[in-house]
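Remarks on the structure that follows.
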Amino acid sequence: MTRLATRDKILQAAREVFAEKGYHRALVDDIVRASQTSKGAVYHHFPNKEALFLALVDEFAGRLAEAVAAAIGRAHGALGKVEAAVTAGLETFARHRDLARILLLESVSLGPAYQSKRQEVHGRFADLIQAHLDEAAAEGSIPPVDTRVATLAWLGALNEVVVQWLHSGRPDLRTEAVPALVPMLLRSIGAKSAE
């Protein structure tokens, strides 16, 4: 097995263990057993449990960035790109419930290292949304608004919708939240759906 394949196997096991037991109850030994590797292999790739967790955050951020970039690439106009980004973000959380649970629920008490990583991911997505909102305002698709405040309000709404979905155990975020939330967010800045 290649080093990359071993690393991926360890990350997959860590995702399952963290999702099942939570960060604080999960042990490196649990991840070793679930990955069918050795402690040496785990520590070769990740110096500690926190590093494993942060690697999962990076993995999810990468999936989110890919989905959003692809959706934006297919969309037309600044407002269409914003709508595509928000929809793709929600759909990515829906497809990766285990990672969403780890990222939004298990991470609450992890301290400065995680908060810094979370701010980095949050900042990238916020900058992307704000840039397209600025473009939408410049092209007249929306009235002049404070796009930074709008972006932060949107991210807060998205976070709360996903957190409530994770707590509820309801089956599908895509069919329940996306059709209601996206038009609501667009109306909040004086826009109609881009479609």
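Residues considered: Ala85, Ala67, Ala180. Largest GNM mean-square fluctuation over the chain, using C-alpha springs under 10 Å, is found at Ala180.
The long axis of helix 3-21 is offset from the longest Cα principal axis of the chain by roughly 80 degrees. In the set (1) 1.00; (2) 1.03; (3) 0.95, the label that goes with Rg/Rh (Cα atoms, Kirkwood Rh) computed for this structure is (2). In terms of accessible area, using a 1.4 Å probe and ignoring ligands and nucleic acids, Thr2, Thr92 rank largest first as Thr2, Thr92. Solvent exposure of the chain amounts to 50 Å² per residue of accessible area, where only protein heavy atoms count and the probe is 1.4 Å.
In this structure Ser168 has an accessible area near 60 Å², from a 1.4 Å probe over the protein heavy atoms. When the listed pairs Lys81/Lys117; Lys49/Lys117; Lys39/Lys117; Lys9/Lys49 are checked against a 18 Å cut-off, the alpha-carbon distance exceeds it for Lys81/Lys117; Lys39/Lys117. In terms of its Cα atoms, region 90-195 spans 41, 32, 16 Å along the principal axes, sorted from long to short. The helix-based estimate of mean residue ellipticity at 222 nm for the chain, built from -39,500 (n - 2.57) per DSSP H run of four or more residues and divided by its residue count, is -25000 deg cm²/dmol to the nearest 500. Here the chain exposes an accessible surface that is 55 percent carbon and sulfur, computed with a 1.4 Å probe and the other protein chains kept in place. Maximal additional length on extending the Asp127-Ala153 stretch stands at 8.0 nm, based on 0.36 nm per residue less the C-alpha distance.
The values are calculated or read from the model by the stated rules, or taken from the named source; none is laboratory data. Computed from a prediction, not measured in an experiment: that's the story for all the values here. To get the accessible areas, we keep the full protein, side chains included, count just its heavy atoms, and leave off ligands, DNA and RNA. Shrake-Rupley method; radii C 1.70, N 1.55, O 1.52, S 1.80 Å.
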